[in-house]
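A.B. asks: My structure is below; once you've seen it, I'll send some questions.
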There are 2 protein chains.
Amino acid sequence: MSLSGERFTAVYRIACPPQEAEARARAICIEQTVEFPERLIEDAAIREQVIGHLAWLQAVGQDRFEAAIQYPVEAAGRELTQLLNVLFGNISLAPGVRLVGFDLSPSLASQYPGPRFGQTGLRDLVQVPDRPLLCTALKPMGLSPGELAALAYRLALGGIHLIKDDHGLSDQSFCPFEERVERCAEAVARASRETGQTCLYLPNVTAPADEITMRAQFAKAAGAGGLLFCPGLSGLDAMRALAADEGLALPILSHPAFQGAYCLHPDSGLSHGVLFGQLNRLAGADAVIFPNWGGRFAYTQAECRDLVAGATRDMGSVRPIFPVPAGGMRLDRVQELREFYGRDCILLIGGDLHAQGPDLVASCRRFADLTVGFPDQC
Amino acid sequence: MSLSGERFTAVYRIACPPQEAEARARAICIEQTVEFPERLIEDAAIREQVIGHLAWLQAVGQDRFEAAIQYPVEAAGRELTQLLNVLFGNISLAPGVRLVGFDLSPSLASQYPGPRFGQTGLRDLVQVPDRPLLCTALKPMGLSPGELAALAYRLALGGIHLIKDDHGLSDQSFCPFEERVERCAEAVARASRETGQTCLYLPNVTAPADEITMRAQFAKAAGAGGLLFCPGLSGLDAMRALAADEGLALPILSHPAFQGAYCLHPDSGLSHGVLFGQLNRLAGADAVIFPNWGGRFAYTQAECRDLVAGATRDMGSVRPIFPVPAGGMRLDRVQELREFYGRDCILLIGGDLHAQGPDLVASCRRFADLTVGFPDQC
């Protein structure tokens, strides 16, 4: 066995007493590769070339360390699933280890085209060069396709750029996927013709593994302008496959359902920047929804900043994507969101648009007006 | 809109002060269904029929409560992905909420055939009616297909019942999937002919979304006796699709890579019984690997008992599956494992078989001898 010598780097935060830090880091080097007692490996080439290398280890706080570990590119093969496995497969099961960043090497990075549109491409699609994009959701669950289409029409008429299915809409008896998608796509197209402004309808194509592609193809044929997808339910790689599908070529909005546990505890799981930023980018999302600080959930400002950094940091040819702060945002917080995220974000407001009063179109227009004159950056 | 009235039940553990418990539980009823301010829902049928019902709420400790919430079966549609979404999609993002169990209603349960083999079927396949089954892994990563096949031959000769690929073996340049599977399957079949005992080889078919089925079909054609799959990397529903595939009809061993964050913190995520037991069963695993207490990881005895309960509790027609305690198990702990898990488990020992000395066949036979005379139950 002889490998190329090219390696990629993962950075872990480790919670342990100082005297254990190096041993913990070296255990990760083993666990994520050979997963076998080093002394029992007869082949010196495996010991030297396959096992992770500890590049550096440094204290970052009281009983907190960061370790950079370099893995051979060949260990990750040519597959996102196996890259995830090397980055955090078994070690996810150990307490006190959090993946806080990674850098792919050139040959590994070249395997991942990432988002087809990214920030720039999505701006081009909706022809909004310099303001935050406006997004909302079709809900509540229980409305019929016709009722959702009527809702979508008004939202599009009010100037929303991206109208997504609620992530709770799949293919239920009270709202079948195909009828919903056809009617909502038609309604949004009709409103766009009236306003002269582009509005994309993004149906939820999170589905059983063997139906995802069919639903996405149906959505495309029906005139959907993008797709909503929950990688926590259907897998990050299923999203990658959607993004890579040349026959679809639709932007993808990633929803965080079922992914909460990855980030909730600061000493384990994945950092917000890794999960919502780096991994969603490798998996082809063009924008990523997350619960903003101060909403119904409990993310902090620092976690949201880390997320934005992961969504936009240099990853070679992998495009930056839009952060989509959500989870109970309100019109009266748009100013605050403007100041925090700058102009390169998508603002997602759901229920609060309806809480403004009966004239939903007017409420959407007020939402749009609030985003004019955005500062340049976070 | 008019629904059937049939509901299924999820039980959540909530960490909060007593005065907040009911409001937290009622917030889950909303978050997991309509995700919309209740006062803004005009249609009374949606308020009454779609929103979750709080069936009961009880204190289970200091600032800890359990809430049973009943959801309409129609909300979960006919899809595992959407069932996961209703059970724990958005609420996974909130701190202090853990899903600790669920009961499907009859019509919902009938949609999930679950494991094709389960404990009884897997015992029949390897013709071991009353002892724990023996399992080991092909590793370390870096060995060639020929070296792994030679290893598989000796392990099968020693009486191991299930030989799985290390979960780190996918389709790497140093060990291509097809060559590995063909050679290992052939080696295991040859050893089985010599011993007269059935040994199953389970290659790892965790793969990109659009290649899983092809790899599984290749494995079947090459003579593999089962499949190893990592639902944390490829998705629970992709495993369900494999289990449901009539053309494959192979037992599935589920590996916990990348799933650690779900269970690590007792006040969030999924209980061990839900993730490794109930959800793996709905998703078709016949046996589930997890890190046993006292190994390289940090699960407790209570967590492992909860896991066994989830793997074996009544779920209607969904079969009980084997717990596979692993993660650094050793021959000198077999007695302890016998006492803890009883006979209805699969014992997975990797590196320690190699640490016994150069005669691997003899070490496997000693492993087998240690499992004779197992007590009846946990």
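A.B. asks: Given label points at 7 Å from Cα along Cα→Cβ, what nm distances, shortest first, separate A:Ser317 from the same residue in every other copy?
C.D. replies: Nearest first, the other copies' label points are 5.0 nm away.
A.B. asks: Express as a percent, rounded to the nearest 5, the fraction of DSSP beta bridges in chain A (both residues included) that run antiparallel.
C.D. replies: Numbers: 23 of 47 bridges.
Antiparallel: roughly 50 percent of the beta bridges in chain A.
A.B. asks: Shifting gears a bit: Give the separation of the Cα centroids, the range A:58-73 to the range A:130-191, in Å.
C.D. replies: The range A:58-73 and the range A:130-191 have Cα centres separated by 45 Å.
A.B. asks: Suppose every K and R has +1 on its Cβ and every D and E has -1 on its Cβ; what is the size of the dipole of the range A:221-378 about the Cα centre, in Debye to the nearest 20?
C.D. replies: Values: 12 positive and 16 negative charges, 25 e Å.
Using only the charged Cβ atoms, the result is roughly 120 debye.
A.B. asks: Something else now. Considering the rotational relationship between chains B and A, which residue of chain B contributes the beta-carbon of minimal distance to the axis, and what is that distance to the nearest Å?
C.D. replies: B:Gly235, 2
A.B. asks: Copy-to-copy spacing for B:Val372, label 7 Å out on the Cα-to-C-beta vector, in nm, shortest first?
C.D. replies: Copy-to-copy label distances at B:Val372, shortest first: 8.8 nm.
A.B. asks: From the label point of A:Ala55, set 7 Å along Cα to the beta carbon, how far off in nm is each other copy's matching point, shortest first?
C.D. replies: 5.2
A.B. asks: Here's a follow-up. So how do A:Val128, B:Val288 line up by other beta-carbon neighbours within 10 Å, fewest first?
C.D. replies: Working: A:Val128 17, B:Val288 29.
The most exposed by this proxy come first: A:Val128, B:Val288.
A.B. asks: Rounded to the nearest 0.05, what FRET efficiency do B:Ala45 and B:Asp267 have when you use their Cβ-Cβ distance and R0 = 56 Å? All intermediate terms of the calculation are to be shown ahead of the outcome.
C.D. replies: Details: r = 35 Å, r/R0 = 0.63.
That pair, B:Ala45 with B:Asp267, gives E of 0.95.
A.B. asks: For the range B:79-86, just list the computed ³J(HN,Hα) in residue order, Karplus coefficients 6.51, -1.76 and 1.60, θ = phi - 60°, integers in Hz, with x standing in for Gly and Pro.
C.D. replies: 9, 4, 4, 6, 4, 4, 5, 5
A.B. asks: Near the amide H of B:Val34, under 5 Å away, which other amide H atoms are found, from residues 5 or more places off or on another chain, if H is placed in the peptide plane?
C.D. replies: It is B:Gly52, by chain and number.
A.B. asks: Can you list the aspartates and glutamates whose alpha carbon is less than 15 Å from that of A:Lys220, not counting same-chain residues fewer than 8 positions off?
C.D. replies: Correct list for A:Lys220: A:Asp165, A:Glu178, A:Glu179, A:Glu182, A:Glu186, A:Glu211, A:Asp245, A:Glu246.
A.B. asks: Charges on Cβ only, +1 for Lys and Arg, -1 for Asp and Glu, centred on the Cα centroid of the range A:68-127; of A:Gly114, A:Leu87, A:Leu125, which one is farthest towards the dipole's positive end?
C.D. replies: A:Leu125
A.B. asks: Follow-up. R0 = 45 Å: FRET efficiency of A:Ala249 with B:Asp359, Cβ-based, nearest 0.05? Before the final figure, lay out each step's value.
C.D. replies: Values: r = 59 Å, r/R0 = 1.30.
For A:Ala249 and B:Asp359, the calculated efficiency is 0.15.
A.B. asks: Cross-link partners among lysines for B:Lys139, C-alpha distance below 18 Å, same-chain residues fewer than 8 apart left out?
C.D. replies: B:Lys164
A.B. asks: If you take the square roots of the eigenvalues of the alpha-carbon gyration tensor of the protein assembly as shown and sort them as a ≥ b ≥ c, do you get rounded (a/c under 1.5), prolate (a/b over b/c) or oblate?
C.D. replies: On the way: a/c = 1.82, a/b = 1.54, b/c = 1.18.
Taking the square roots of the gyration eigenvalues as a ≥ b ≥ c, the protein assembly as shown is prolate.
A.B. asks: Return the calculated 222 nm mean residue ellipticity for chain B, to the nearest 500 deg cm²/dmol, obtained by summing -39500 (n - 2.57) across DSSP H runs with n ≥ 4 and dividing by the residue count.
C.D. replies: Values: 15 runs with 135 residues, N = 378.
Dividing the helical sum by the residues of chain B leaves -10000 deg cm²/dmol.
A.B. asks: Under a Cβ-only charge scheme (Lys and Arg +1, Asp and Glu -1), can you give me the dipole magnitude of chain A about the Cα centre, in debye to the nearest 20?
C.D. replies: Values: 33 positive and 43 negative charges, 180 e Å.
Approximately 860 debye in magnitude.
A.B. asks: Per residue of the range B:339-350, in order, report the coupling 6.51 cos²θ - 1.76 cosθ + 1.60 (Karplus, θ = phi - 60°) as ³J(HN,Hα) in whole Hz, putting x for Gly and Pro.
C.D. replies: Coupling constants for the range B:339-350: 5, 7, 9, x, 8, 8, 8, 10, 9, 10, 10, x Hz.
A.B. asks: Fewest to most neighbouring Cβ within 10 Å: what's the order for B:Leu138, B:Leu227? Show your work: numbers first, answer last.
C.D. replies: On the way: B:Leu138 27, B:Leu227 30.
Least to most surrounded, the residues fall as B:Leu138, B:Leu227.
A.B. asks: In whole Hz and in residue order, list the ³J(HN,Hα) couplings for the range B:251-258 that follow from phi through the Karplus curve 6.51 cos²θ - 1.76 cosθ + 1.60, θ = phi - 60°; x for Gly and Pro.
C.D. replies: Listing the rounded values in order: x, 10, 9, 9, 10, x, 3, 6 Hz.
A.B. asks: Then there is this: Per residue, what volume in Å³ does the Cα convex hull of the range B:118-370 take up? List each step's numbers first, then the result.
C.D. replies: Values: hull volume 29.7 nm³, N = 253.
Cα convex hull per residue, to the nearest whole number: 118 Å³.
A.B. asks: Just to be sure I understand: with springs between alpha-carbon atoms less than 10 Å apart, which residue in B:Val324, B:Val274, B:Val126 has the highest mean-square fluctuation in the Gaussian network model of chain B?
C.D. replies: Among B:Val324, B:Val274, B:Val126, the largest mean-square fluctuation in the Gaussian network model of chain B belongs to B:Val126.
A.B. asks: OK, next. Show the residues, 5+ positions off or on another chain, whose built amide H is closer than 5 Å to the amide H of A:Arg7.
C.D. replies: A:Val73
A.B. asks: Is the shape of the range B:7-109 best called rounded, prolate or oblate, per the rule: a/c under 1.5 gives rounded, else a/b larger than b/c gives prolate, else oblate, with a ≥ b ≥ c the square roots of the Cα gyration tensor eigenvalues?
C.D. replies: Numbers: a/c = 1.83, a/b = 1.29, b/c = 1.42.
It is oblate, given that a/c is not under 1.5 and a/b is not larger than b/c.
A.B. asks: For the range A:7-109, calculate the relative contact order in percent as a whole number, restricting contacts to Cα pairs under 8 Å that are 6 or more residues apart.
C.D. replies: Details: 168 pairs, mean separation 45.1, N = 103.
Computed value for the range A:7-109: 44 percent relative contact order.
A.B. asks: Still on this structure, please answer the following. For a test of the definition: using alpha carbon positions, the gyration tensor, and the 1.5 limit on a/c, classify the range A:161-269 as rounded, prolate or oblate.
C.D. replies: On the way: a/c = 1.86, a/b = 1.69, b/c = 1.10.
Prolate shape, in that a/c is at least 1.5 and a/b is the bigger ratio.
A.B. asks: Only Cα pairs within less than 10 Å get springs; with that Gaussian network setup on chain B, which residue of B:Leu233, B:Leu40, B:Leu348 has the largest fluctuation?
C.D. replies: The residue that fluctuates most here is B:Leu40.
A.B. asks: Fewest to most neighbouring Cβ within 10 Å: what's the order for A:Trp56, A:Trp293? Intermediate values should be presented prior to the final figure.
C.D. replies: Numbers: A:Trp56 12, A:Trp293 18.
Arranged by neighbour count, lowest to highest, A:Trp56, A:Trp293 become A:Trp56, A:Trp293.
A.B. asks: Over the protein assembly as shown, what is the percentage of antiparallel beta bridges among all DSSP beta bridges, to the nearest 5? Present the calculation step by step, with values, prior to reporting the outcome.
C.D. replies: On the way: 46 of 94 bridges.
Counting only bridges with both partners in the protein assembly as shown, antiparallel ones make up about 50 percent.
A.B. asks: Let me ask something additional. Cut-off 11 Å, label point 7 angstrom out along Cα-to-Cβ of A:Thr198: give me the residues of the range A:106-138 whose amide nitrogen falls inside.
C.D. replies: A:121-129
Every read-out reported here was derived from the displayed coordinates using simple, explicitly stated rules and does not represent laboratory data. Being a predicted model, the structure only gives us computed values, none of them experimental. Glycine gets a Cβ as well: all are built from the backbone with ideal geometry, and neighbour counts include every protein chain shown.
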